[in-house]
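All remarks here apply to the structure that follows.
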Amino acid sequence: MEVESVLVTGANRGIGLEFVRQLVKLPRPPKYIFATYRDRNTIEALKQLRDESKDTIILLIKMDARNADQIESARLVIEDMVGDKGLNLLINNAGVLKREAFPEITEENMLLHFTTNTVAPVMVFKAMFPLLQKAATQAPTGVNVSKAAVLNISSAGGSIESQSSEFHKQRLDSISYKTSKAALNMAMKVISLTIKEQDILVVNMCPGWVKTDMGSEAADLEISESVSAMMSTLSRLNERHHGTFMDRNGETIPY
């Protein structure tokens, strides 16, 4: 996989941090990685990656994806760096999971998940869209991750059809999270249809059950294993995958 510029949201830990770590280790790493975070007290690992990186400029950007002003500030920084070449890859990774079951579920919990997991990725995409459009004009006709793409980190928990499985029946205390991911999938499907002629690849991907703060140590997958699989899958995607919902290995997940 070759890509010149990448924006990773929620890059200070977990899956986002691992994306940065693996991107800089590519045979031909990105020229720029824009890594966003919310809390300055959580960026030591990112700072170490930045300081040790020889071939990639890793720019740390404080950005809460729920804050329009901070998104716009990030866009200006990125635009200043990439210029007319635009942004090649947006990885919408930032998210939240705070478990509450029905009927204990609160409006506050529902809105937190919807704002963070659904609205924020759409607004980040909207802000970065002109930069993705610029990147899409720099290469011949076709759709791939090296040209212009948006990867939305979703979850099989957002698949309505999959909720009858035994795995998902055991996780009924994640109603807000699941609902927000289903909404994210719909939003990105609609966007993919809206911009289908613009050569910007849009995909929703489930990383699997990963050993992160969100997934817990009980999860099946190490972070490095999940991200490595997603990177491999990303490198193989083309126009046939535009608007699809898949797992880390590229297998289709029902909406």
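The values are calculated or read from the model by the stated rules, or taken from the named source; none is laboratory data. All values reported here derive from a predicted model rather than from experimental measurement. Note: ideal-geometry Cβ built from the backbone for every residue, glycine included; neighbour counts use all protein chains shown. The protein model used for the area step is the full one, side chains on, heavy atoms only, and it has no ligands, DNA or RNA in it. Shrake-Rupley method; radii C 1.70, N 1.55, O 1.52, S 1.80 Å.
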Report summary line: Probe 1.4 Å, all chains present, heavy atoms only: Ile160 accessible area in Å², nearest 10, is 130
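Within the chain, what's the longest stretch lacking trypsin sites (Lys or Arg not before Pro) that sit in DSSP loops with no more than 12 other Cβ atoms inside 10 Å?
55-255
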Query - Accessible solvent surface per residue of the stretch 85-195, calculated while the other protein chains remain in place, 1.4 angstrom probe, Å² - result: 46
Requested in this report: Determine the order of Ile223, Ile33 by accessible area, beginning with the largest, at a probe radius of 1.4 Å.
Outcome: Ile223, Ile33
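When the accessible area of the chain is computed with all protein chains present and a 1.4 Å probe, what percentage of it is carbon and sulfur?
Answer for the chain is 51 percent, counting heavy atoms of protein chains only.
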Report summary line: By the C-alpha gyration tensor axes a ≥ b ≥ c (rounded if a/c is under 1.5, else prolate when a/b exceeds b/c, else oblate), the shape of the stretch 126-255 is prolate
Query - Theoretical gain in end-to-end length, Asp80 to Lys47 [0.36 nm per residue, Cα-Cα removed] - result: 9.8 nm
Requested in this report: Would you please give the FRET efficiency between Lys98 and Ser228, computed as 1/(1 + (r/R0)^6) with r the Cβ-Cβ distance and R0 = 35 Å, to the nearest 0.05?
Outcome: 0.80
Report task. Scan the chain and hand back the longest stretch that contains none of the GluC sites (Glu not before Pro) lying in DSSP loops with at most 15 other Cβ atoms within 10 Å. Result -> 3-103
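Cα gyration tensor of the stretch 1-108, axes a ≥ b ≥ c as square roots of the eigenvalues: rounded (a/c below 1.5), prolate (a/b > b/c) or oblate? Each step should come with its number before you reach the end.
Numbers: a/c = 2.15, a/b = 1.69, b/c = 1.27.
Prolate, since a/c reaches 1.5 and a/b exceeds b/c.
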Report task. Under 24 Å Cα to Cα from Lys25, which lysines show up? Leave out anything in the same chain fewer than 8 places away. Result -> Lys47, Lys54, Lys62, Lys85, Lys147, Lys211
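Can you give the Rg to Rh ratio of the chain, both from alpha-carbon atoms, with Rh computed by the Kirkwood formula?
Details: Rg = 17.1 Å, Rh = 18.2 Å.
Over the Cα atoms of the chain, Rg/Rh equals 0.94.
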